[in-house]
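Asks: To start, I am sharing the structure in question, which I have written as structure tokens.
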Amino acid sequence: MIKNFDELIHGEYAMERRDALLILSHALSSVHGYNAVMNSVKMDGETLIVNGRKYHLSNYNRIYLAGAGKAAGSMARAMEEIIDFDDAVIITNEDISLKKCRVFHATHPYPSKENISATEEIVKLFKNAGKDDLIIMLISGGGSSMMCLPIISLNNMIEVTEKLMKAGCNIRELNTVRKHLSIIKGGKLARMTDAKIISLIISDVIGNPIDSIASGPTYGDKTTFRDTMSIMKKYGVENEEAMKVIKKGMEGEIEETPEEVKNADNFIIADINKACMEAKKKAEELGYKAGIITTSLDGEAVSAGRALAEYAIRAPSRKYVFISGGETVVKVIGDGTGGRNQELVLSAAMEIEGQAMVVLSCGSDGKDGNSDAAGAIADGETMKRARNMKMDAGDFLKRNDSHHFFLRLNDAIFTGNTGTNVMDIQIIVKR
């Protein structure tokens, strides 16, 4: 899973680095799309069982498969082994080929013409399915941008998304805006068919709110155009076409997203809680005591890194692994390269200088911000090594250039696409 695993094991804390990386690898594997489906979906004769709930396939004429997100391809590969279906459309950014599915490769984090064309294929599939048919929908993080059919122009959708993200907008706020500028999000995709829908979901949002994961295409939505306007104003985002649509929605000229969707059953099959529990299990197998600090880490990455480091330093335990997960944000003010995970680790590294510990943070999808790294790892010697190389950590933070800081130290973590997306995971190993 970690492409540069061996290169990251060096220095005074080589053993703790190795253990932190082993724990991370196990956690990511546990929530991989293929494994998540295989652990949640079974066939018993003609009965499909999802998290213990039974569906008798003899009740349906045709079975369809659709999916969108960073893990949709891996999830679909598992479904190909479990069940036969009449047609299948998968939208993902994974480098994957499937035997029975039509796979469309999409862009992320911003949508593209290719994303829209692929989404139109899913819409066709949904509209083609009748009341006696079954659609199995595979949903994972990244689905909001990959499965995109906006009311406004593509260029304006990209502009709104980019401005909100750079302003530090959280995922629930961002997806509220996306839902109200979309033809399919916020339960509207499910409304396009009379078929029964079973949605298998890998969550990338704190608290697993189904209405927000991939912008909730098969789940009811209680947010409104008025909420959308408040978010746009909160972050100072102006876009003439988007504001016109939002105002029409507030005046009742455009229908709100449906509050309830009756033809879909939605199942969370993997999330950050699962990843953190598996990390804890692996740490204990390696001989450590371990505890999960939180699975809802949020706020600014720099502050979160500092807080996690201070918590671990003050804890009296030795040979202990501290685990956390969630999704922080970065307010981009510089022109550097990096992301929330590398900024978090850089901030933490400044706190743990001289301490006998290792800290890492990794995006479970393998991508951190505008870099090609998944995250970074640091230890009590990192600041000393940086100074020996004439690098000022504070300056790199100010420029949002954490990636180049860790790249020069050979401490950036590279995984490529991981086949999952359950937000970020942090691991601190204390000697």
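Asks: For the pair LYS99 and LYS222, how long in nm is the line joining their label points, each one 7 Å along Cα→Cβ?
Replies: So the two model labels end up 4.4 nm from each other.
Asks: Between LYS3 and GLU114, what is the FRET efficiency for a Förster distance of 30 Å, r being their Cβ-Cβ separation, to the nearest 0.05?
Replies: Once rounded, the FRET efficiency stands at 0.70.
Asks: Here is a follow-up. Would you please put 382-395, 66-79 in order of how densely packed they are, using the mean number of other Cβ atoms within 10 angstrom per residue and starting with the highest?
Replies: In descending order of packing, they fall as 66-79, 382-395.
Asks: If you fit an axis through the alpha-carbon atoms of helix 272-285 and take the longest principal axis of the Cα set of the chain, what angle between them do you get, 0 to 90°, nearest 10?
Replies: Roughly 40 degrees between the two axes.
Asks: Charges at C-beta only: +1 for Lys and Arg, -1 for Asp and Glu. How large is the resulting dipole of the chain about its Cα centre, in Debye rounded to 20?
Replies: I would put it at about 560 debye.
Asks: Per-residue HN-Hα couplings for the range 425-431, Karplus 6.51 cos²θ - 1.76 cosθ + 1.60 at θ = phi - 60°, whole Hz, x for Gly and Pro?
Replies: Once θ is set to phi - 60°, the couplings for the range 425-431 become 10, 10, 10, 10, 10, 10, 5 Hz.
Asks: To the nearest 0.05, what FRET efficiency results for ILE254 and MET43 with a Förster distance of 56 Å applied to their C-beta separation? Can you show the working numbers first?
Replies: Values: r = 42 Å, r/R0 = 0.76.
Plugging the Cβ-Cβ distance into 1/(1 + (r/R0)^6) gives 0.85.
Asks: Setting aside same-chain residues fewer than 8 positions from LYS430, which aspartates and glutamates have a Cα under 20 Å from its Cα?
Replies: Once the sequence-local aspartates and glutamates are set aside, what remains near LYS430 is GLU12, GLU16, ASP19, GLU278, GLU284, GLU285, GLU310, GLU351, GLU353, ASP379, GLU381, ASP411.
Asks: Under a 5 Å amide H to amide H cut-off, with H placed in plane at 1.01 Å, what residues pair with GLY334 once short-range neighbours are removed?
Replies: Correct list: ASN400.
Asks: For the pair MET389/ILE83, report the inter-label distance in nm, with labels modelled 7 Å from Cα in the Cβ direction.
Replies: With each label placed 7 Å out from Cα toward Cβ, I get 5.0 nm.
Asks: Quick check: residue separation of ASP265 and LEU57 times 0.36 nm, minus the Cα distance between them. What number comes out in nm?
Replies: 73.4 nm
Asks: Hey, another quick one. Mind checking the angle between helix 340-351 and the chain's longest principal axis? C-alpha axes, 0 to 90 degrees, to the nearest 10.
Replies: The angle comes out near 20 degrees.
Asks: Do any of LYS188/LYS331; LYS319/LYS367; LYS3/LYS390; LYS124/LYS166; LYS99/LYS124 go past 24 Å between their Cα atoms, and which? Don't skip to the end; give the middle numbers.
Replies: Values: LYS188/LYS331 32 Å; LYS319/LYS367 30 Å; LYS3/LYS390 28 Å; LYS124/LYS166 34 Å; LYS99/LYS124 21 Å.
With Cα atoms farther than 24 Å apart: LYS188/LYS331; LYS319/LYS367; LYS3/LYS390; LYS124/LYS166.
Asks: Counting other C-beta atoms within 10 Å, and keeping those with at most 12, which DSSP coil trypsin sites (Lys or Arg not before Pro) do you find in the range 90-163?
Replies: For trypsin sites (Lys or Arg not before Pro) across the range 90-163 that sit outside H, G, I, E and B with at most 12 neighbouring Cβ atoms in 10 Å, the list reads LYS99, LYS131.
Asks: Cross-link list LYS131/LYS234; LYS100/LYS163; LYS196/LYS233; LYS70/LYS131: which exceed 32 angstrom alpha carbon to alpha carbon?
Replies: LYS131/LYS234; LYS100/LYS163; LYS196/LYS233
Asks: Springs between alpha-carbon pairs under 10 angstrom, Gaussian network model over the chain: which of ILE231, ILE23, ILE202 fluctuates most?
Replies: Comparing ILE231, ILE23, ILE202 in a Gaussian network model of the chain, the most mobile one is ILE231.
Asks: A further question on this structure: Computed from these coordinates, which is Cα extents along the principal axes in Å: [x] 75, 58, 36; [y] 60, 44, 42; [z] 65, 54, 34?
Replies: Step by step, Cα extents along the principal axes in Å for this structure corresponds to label [z].
Asks: Here is a further query. Taking the chain as a Gaussian network, where each spring joins two C-alpha atoms under 10 Å apart, which residue of LYS233, LYS331, LYS188 fluctuates the most?
Replies: Per the Cα network of the chain with a 10 Å cutoff, LYS233 tops the list.
Asks: Here's another thing I want to ask about it. Tell me the mean residue ellipticity at 222 nm calculated for the chain from its helices only (DSSP H runs of n ≥ 4, each -39500 (n - 2.57), averaged over every residue, nearest 500).
Replies: -11000 deg cm²/dmol
Asks: Now a separate question. Which one, LEU138, LEU346, LEU189, has the greatest fluctuation when you compute a Gaussian network model over the chain with C-alpha springs under 10 angstrom?
Replies: LEU189
Asks: Working from Cα positions, state the angle (0 to 90°, nearest 10) between the long axis of helix 72-82 and the longest principal axis of the chain.
Replies: 60
Asks: For the chain, the longest stretch holding no GluC sites (Glu not before Pro) located in a DSSP loop with at most 14 other Cβ atoms within 10 Å is which?
Replies: Values: sites that count: GLU12, GLU46, GLU238, GLU251, GLU253, GLU255, GLU259, GLU260.
In short, 47-237.
Values in this text are rule-based calculations from the coordinates and carry no lab data. Remember, it's a predicted structure, so these values are computed and weren't measured experimentally. Here Cβ is always computed from backbone atoms with ideal geometry, including for glycine, and neighbour counts include all displayed protein chains.
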